[in-house]
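The values are calculated or read from the model by the stated rules, or taken from the named source; none is laboratory data. Note that this is a predicted model, so its numbers are computed, not measured. Glycine also receives a Cβ, built like all others from the backbone with ideal geometry; neighbour counts cover every protein chain displayed.
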C-alpha cells in the first residue's frame, strides 16, 4: 500500500474503497517554476514587444547576471550549467543503454546542484518514465515513487507529468491491475491543474492511452485530449475496432488491390510498402493526361520510400517536373501536386532517417558489380572502395562497442577514456556509425584552410556531432512509433489526419529537446571512429619497378594524421591521399553525399518556436549561435513572449518556395565537367602538380627567391583548383539527385537576423553555377510586363545594368541573335553568354527567353526563371535613410531619377580627381601611375564592403586583386593598393557625410558600452578591485523584435585528449570578458545587417500575402518575371515602413533603458578640479576602510547610495541625498565629455567611474524616405 509522500506543503491522504492511496494537495505546487537567474534566461523588467510605430516599448530583453556581472560570477553560474548539461546527456545515455544503477547515481548528482533544484522534477520524470518500463506491477511503481521522493529527493514534489507517467504505465499493465479505473481516477484527482493538464503530456501518453481513457475507462472527455491529436483519437479505427472511418471509394478496387510493380534499383531488393495510400498516389498519377512513356515509367516505379530516397539512377527515375509541365489544366496540376506531396512525405522521412542505409546498399551494389568485372574495376570505383572501407571498419567498431558494453555491465575500472565515451558509443548501430564517419570525412575535404585534408579537431567534432544527430533522429522516430503504433493506416483519408498529428507530435518532441552532448564527448566519440577509418582505409597506388620497368601496384593509407603550420599555428590535420582527391573531384559522387542537411522534398516544418522549425527529424535553432549561450537566452525569452512572430512569418515564406533543378543548364555543366578542361569558374582536372625546374646552383638569390615565389603560387593554385573541383562536384551530385524533383530550402538566421538556407551545399545563395541550376517549380505566364522584366534581368546579368530600363530592354533586343545562338548551341556557338558578368545565370535566362520567343505570342510562355531585383549598395541605402543624407540618398537611388546612379563610378571619379590634384600639385609618382588605371571595378568591392566594416588591410587586398597584374613584385602591388585604399576611404566619407556621422556614432556608443560595468554587480567577485571585468555585450532589438547579441568575447579553449591527438575545443558554456575591439568594429555593420534582414523578411511576408513566390540572397530579391512589379511595390513600401520610424532615436532609447544602471571608466587629469575632488574622496574612503580603496569599493558605496535613494523610507532617502561618492561627484561635472576626449599622459592621469552616458545623436539631414516609393532604380 502506498504511504504518503513527505512534503513541505500539507497533504491529505485519501483512502479509496479498495485500499489504494492517493494525494490531495491543498496548496499550489510550484515545482515546475524555474529560477530565472538559475537558468540564464532574462530577469528583471518584463519582456515587451516592439512595433514599427516610432515608439520604443522597452528593451526586448534585459541583461542577465550570468552574462553581464563579473567574470568570476559568470564562471560559477556557467560551470553549474555545464555540469547540468553533461549530467543530462550522461543520464540519457545510461537510460538508453539500460544502465539504471548509474542513471540513479547521475540523478542524485543533479539533485545536489542547488541552483538546478527547482527544475529537478523534469530530470526525475525522465528517469522515472524509463525505469517504469520494466515494472511488472502498479504497486511496484507506487512504492518506487514514494521511496525516492520521500527518502532521496525530499525537496521535490511530483507534478502532472509524473501523474501522466503513472497513468500510461497503469494502462500498459492493464489486466494485471485490479480496479484500474479507480487508480486512474485517483491519479487525475492528485493533479492540482486538473485532468486536462495531465492529458497534455502527449510525449508520455500514446494514442491507445487516450483512446482507452476516453472509450474504455471513461475517465476523460474528448476536450481533455490535446487538440493536435483529438481528431485522430475520436475518429480513427483502433485495433479494438471501437470506431470506424469509411474506406476510400474513389479508387477502382482492382487498382487498390493490385500490388505495385517494383523496380530493381539496387542490388538488395527491399520489401514493398503494400498500403492503400501509395496505391492511391500511383492511381492518381496514372489517371493524368500523360504520354505512354510517362505512364510506363510511373507503372514501373517502386513507391517504396527507401528505394526513392535520392535519384541515384537517372535512367530509372521519373522527371516529375517534366510531367508537371506537360499537364494542360489547373485541375490536373492540383491533383498531380497532391499525389506527389503524398509520395514525398514518406520519401522525406526516409531521406532524413534512412539515407545512410541507402548509401551503404549503393556501395555494396557497386562493389559487387565491380567485383564481377575484376580487381581493376574495384580500384577505379569510388563506391566499391567505400564498401571495402565500411566492411573493414565494421568488425573493429563492433568489437569496441562490445568492450564498452562489458565495461558498463560490470562497472569495470581501468580504461578511463573508454568509461567516458562508452555510454555514447553504444547509442547508434555500428553499421550507421561506419557510414556516417565515411561520409562526414569525405564532406570535410579541403575545409578550414587545409588543402587536401581537414583539421583534426574539426574532423572528430563533426563526426561526433553527426552521430549525435543520428541518435536524436532515431529517438524521435522511436517516440513517434511508440505514440502511433496502434493506429490503423489503411484509410488514405485518415492517413492525412495521422500525418497532421505526427507533425504536431514531432514539433513538440523537438521543442522539448534540451540535451546536447558535451564537446569533449563529441571529440572522443569522433576520434574513435576517425582513427578506425584511418586504420583500415587504403587506396591502390601505381608505380614502376626500377629494374624491370614494369607497372606495379600496392596499397597505401587513404588518410593520414600529421601536423602542419597554418597562419603560424601548429595544427593537427587529417590528410587525404592525392589519388582519392582525384576521384573526389572527377568521379560522380553517387551515394557518397552526406544525406543530412539536404533540400527537403516537402514543405519544411514551420517556425513557431525558437528551436522548432525546418527539418522533420532533427532540431534546428532559429538563430545560428556559435558558442553564445547569451544569445540563446535572449532568443528564448523573446520567443516565449511572442515577440518574434514576424521573423517566423518571413522565414516560413522563404521555406515554402518550391524549386527544381534546371535540367538544360545541368546538361551543359555536366558536359563541361566531364571534359575536364577549364571552363569559366570550373577549373580543369590536373592530377599532377607541375612545378618550374630549379635554377642552376649558384644562381643569384633574387632568382632563387623568384623561383620559390612562382612555385608557391603554382602549388597554391593547384591546391585551390582541386578543392574547388571537389566542392563543385559535391554541388553537382546533389543537383543530379534532385533532377525532376520538387524541393524546398528550410531557412534560419544568423545572429544578425540574416536568412540562410539550412542545406549548406547546394542552394540559391551559392555561386553563379549553383544559381543557374535552380528555377522555380511553379511557372507563371510572362504577360507583357514579364517579358520586359525577363529582358531586363538578362541585361543585368550580362553587366549592362547602369542604364535605364528601356535601354536594358533595347540592349537585349539588339542581341536576340546572340541570345538564340547561346541558348541553342551554348558550347559550340559564338559564346556570347560566356562574356556575361554572371554567365551561367545568363545562359539560363537566354534559354528561357529563346523558348518564349518561339511562340506566336511570347507573353503566353510559362516561365519558371527567377528574376532578381538588386539594391544599389544596400548598406549605404540604409545609412542614407538613417541619417537623412540627401547627397548619399541620391547616389544610391533612394531619390527618383531618370537614370540609375552608379555609386561605384561616382566614388571612382572622386578618387581620380584627388589623384589628378596630387599629380598636378605635387607630381606624386604613385598618383601619376594609378590615375589612368582607375575605374569602377577597382573600387567596387571596397565601396560595397566599407559600409560593413572592411578594414584598411582588407581594402588593400581587395584593390590588389584588381591592380596586381600591373606589377611584377607583389610587395609593390600591395604598397600601391594601400595608398589607393586610403583615397577610396576618404572619397566615401566625402560622398556620404551623413552616413559616416551615423557610423561614427554607432562606434562611439559601442566603445563606451563595452567599457562599462553594471552598478549592481557583486563587487566582491572581482579578482582585482581596481581591474574590473568588462562583461557587457552590445545588444539591440531589430524592428521585427529579434534580440541581437554580439558574440564577441575572449575565446577560451578546453584541452581534450583523444586517441588521435590532444585537441583544443571551444567551451560553449564559457562566458568570458568581451573583446572590445571586435565589439566596436562589428557593431556598425551588424546593425545595418539587422536592418536589411528586417527589410527582406517584411518584404517576403507582404509578397506571400499577394501570392508571389519569393526568394532572396540578402539584398537581392527574386520572384517570377510577371510579378516583379508587384514585388517592387512591396520592397519600396516596406523600406519606407522600416525607416518612417527614427531607428537611431529608437536605438538610443533602447540603449538608455538597457544600460541604465551602468558606469564606465574614464581617464582624467589628476590636478583638474574633478581629479582633486575624486582623490580626496578616495583618501577618505581609504581611511574609513583601513586599506587602499579600490574601484570595486567605489561601486559598492555608490550602490548603497542608490538603494537609499530608491527606499520608501523618507529618512533613508534623505541619507542617500547626503551621501557623496566619487560617482555622484563625477555625475555633476559639466565638462566630462570634453575631458574624456582629451589625450592625457599616463603619469598625470587617474581612472574614475562615471555614469554611462551615450553621445548625442548627430543631426539628421532632410531626406524624406517616402520618396523611395517613386524611385524606379531603388531596386532594379
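With a requirement of 3 or more residues that are at pLDDT 85 or above and crowded, with 17+ Cβ neighbours inside 10 Å, the strands (runs of 3 or more DSSP E) lying completely within region 970-1078 that satisfy it span 1035-1037, 1043-1045. Check region 811-826 and report whether any residue there is under 24 Å from residue 674 (Cβ atoms), in a loop (DSSP other than H, G, I, E, B) and modelled with pLDDT of 95 or more. Yes, because at least one residue in region 811-826 is under 24 Å from residue 674 (Cβ atoms), in a loop (DSSP other than H, G, I, E, B) and modelled with pLDDT of 95 or more. Beta carbons closer than 6 Å, at least 6 apart along the sequence or on distinct chains, pair a first residue in region 657-675 that is within 14 Å of residue 773 (Cα to Cα) with a second that is in a helix (DSSP H, G or I) for 660/321; 661/735; 662/844; 664/847; 665/772; 665/844; 666/735. Tell me, please, whether a residue that is closer than 17 Å to residue 1272 by Cα and not assigned by TED's automatic domain parsing to the domain that holds residue 321 can be found in region 815-838. Looking through region 815-838, none of the residues is closer than 17 Å to residue 1272 by Cα and not assigned by TED's automatic domain parsing to the domain that holds residue 321.
For the residues 388, 364, 398, the requirement of being assigned to a helix (DSSP H, G or I), in contact with a strand residue (DSSP E or B) (Cβ under 9 Å, 6 or more places away or on another chain), surrounded by fewer than 22 Cβ atoms within 10 Å (Cβ to Cβ) and modelled with pLDDT of 80 or more singles out 388. Within region 111-139, being farther than 30 Å from residue 82 by Cβ and either modelled with pLDDT of 90 or more or in contact with a helix residue (DSSP H, G or I) (Cβ under 6 Å, 6 or more places away or on another chain) (or both) holds for 135, 138. Taking (1) assigned to a helix (DSSP H, G or I); (2) at pLDDT 90 or above; (3) crowded, with 21+ Cβ neighbours inside 10 Å in turn, residue 649 satisfies each apart from (3).
Scanning region 892-906 for residues that are at pLDDT 90 or above and surrounded by 24 or more Cβ atoms within 10 Å (Cβ to Cβ), we see that the one that is farthest from residue 983 (Cα to Cα) is 894.
If you go through region 419-441 and keep only what is surrounded by 19 or more Cβ atoms within 10 Å (Cβ to Cβ) and more than 31 Å from the chain's Cα centre (by Cα), you end up with nothing.
Within the option set 531, 620, 612, being at pLDDT 80 or above, touching a strand residue (DSSP E or B) at 6+ places or on another chain (Cβ under 9 Å) and surrounded by 22 or more Cβ atoms within 10 Å (Cβ to Cβ) holds for one residue only, 612. Scanning region 142-166 for residues that are assigned to a helix (DSSP H, G or I) and crowded, with 21+ Cβ neighbours inside 10 Å returns 149, 160, 161, 162, 163, 164, 165, 166.
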